[in-house]
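This report refers to the structure that appears directly beneath it.
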Amino acid sequence: MDENLELMMHVYKTAEMGAYSTNSLLSNLKNKENKIKHVLECELKEYQKFMEESKKILSKNDTEAKGSGLMAKMSSDMGIAMETMKDNSDTAIAQMLVEGFTMGTVEMNSKIKQYKSTCEKSMLKLAKNFLKFQEREIEKLKTFM
């Protein structure tokens, strides 16, 4: 697979796992009064937007967008369930999300550096926009901490 498609696959996979985890978290908070739910709903929409954009690029290049595996999703579900059982305060949820977004920004920065000299500008732009989204979310979530 060429570098452009590898970068788009990374964006897709990260956004898909983010959307999956955010849905799972929203389900765990369904009957709770958390103020952070609105932020999560907005994050979900952004994740879906990045999934669609990267999937469209992959499809145009005859490449199937592949998300995270079942084990990763099960692990995410269990982790979210355990964390929200222990403490479902907005502060605890924000801290958990900031940790996840921080890991995501480190990975995305690494991919952008790895591919910046070989990928098309439009692909790099999408990856950089995804990185900016992750960084903005960290700042939003800090207000809950």
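A few notes on this one:
- Restricting region 22-89 to GluC sites (Glu not before Pro) that sit in a DSSP loop and have at most 11 other Cβ atoms within 10 Å of their own Cβ leaves 33, 64.
- Remark: the residue 86-residue 135 segment gains 15.0 nm on full extension, using 0.36 nm per residue and subtracting the alpha carbon distance.
- Cβ-to-Cβ counts within 10 Å put 70, 44 in ascending order as 70, 44, the fewest first.
- Relative contact order for region 1-86, counting Cα pairs under 8 Å that sit 6 or more residues apart, in percent: 46
- Rg(Cα) / (2.2 N^0.38 Å) computed for the chain, rounded to two decimals: 1.07
- 3J(HN,Hα) along region 125-131, derived from phi through the Karplus expression 6.51 cos²θ - 1.76 cosθ + 1.60 where θ = phi - 60°, amounts to 4, 4, 4, 5, 5, 5, 4 Hz, with x in place of Gly and Pro.
- With neighbour counts taken as other beta-carbon atoms within 10 Å, the residues 105, 14 rank, fewest first, as 105, 14.
- Cross-link pairs exceeding 19 Å between alpha carbons, from the set 49/132; 60/121; 56/140; 35/132: 56/140; 35/132.
- For the chain, the longest principal axis of the alpha carbon atoms and the long axis of helix 37-60 meet at an angle near 20°.
- Relative to the longest principal axis of the Cα atoms of the chain, helix 90-115 runs at roughly 10 degrees.
- Region 3-142 - charge dipole about Cα centre, Lys and Arg +1 at Cβ, Asp and Glu -1, debye rounded to 20: 320
- Projecting the Cα atoms of 124, 74, 29 onto the charge dipole of region 3-142, computed from C-beta unit charges around the Cα centre, puts 124 farthest toward the positive end.
- Shown here for region 1-86: trypsin sites (Lys or Arg not before Pro) in loop regions (DSSP other than H, G, I, E, B) with at most 16 other Cβ atoms within 10 Å, namely 30, 32, 35, 66.
Readers should treat all values here as calculations from the given coordinates under stated rules, not as data from a laboratory. Because the structure is predicted, anything quoted here is derived from the model rather than measured. Reconstructed Cβ throughout: ideal geometry from the backbone, glycine too, with neighbour counts over all protein chains shown.
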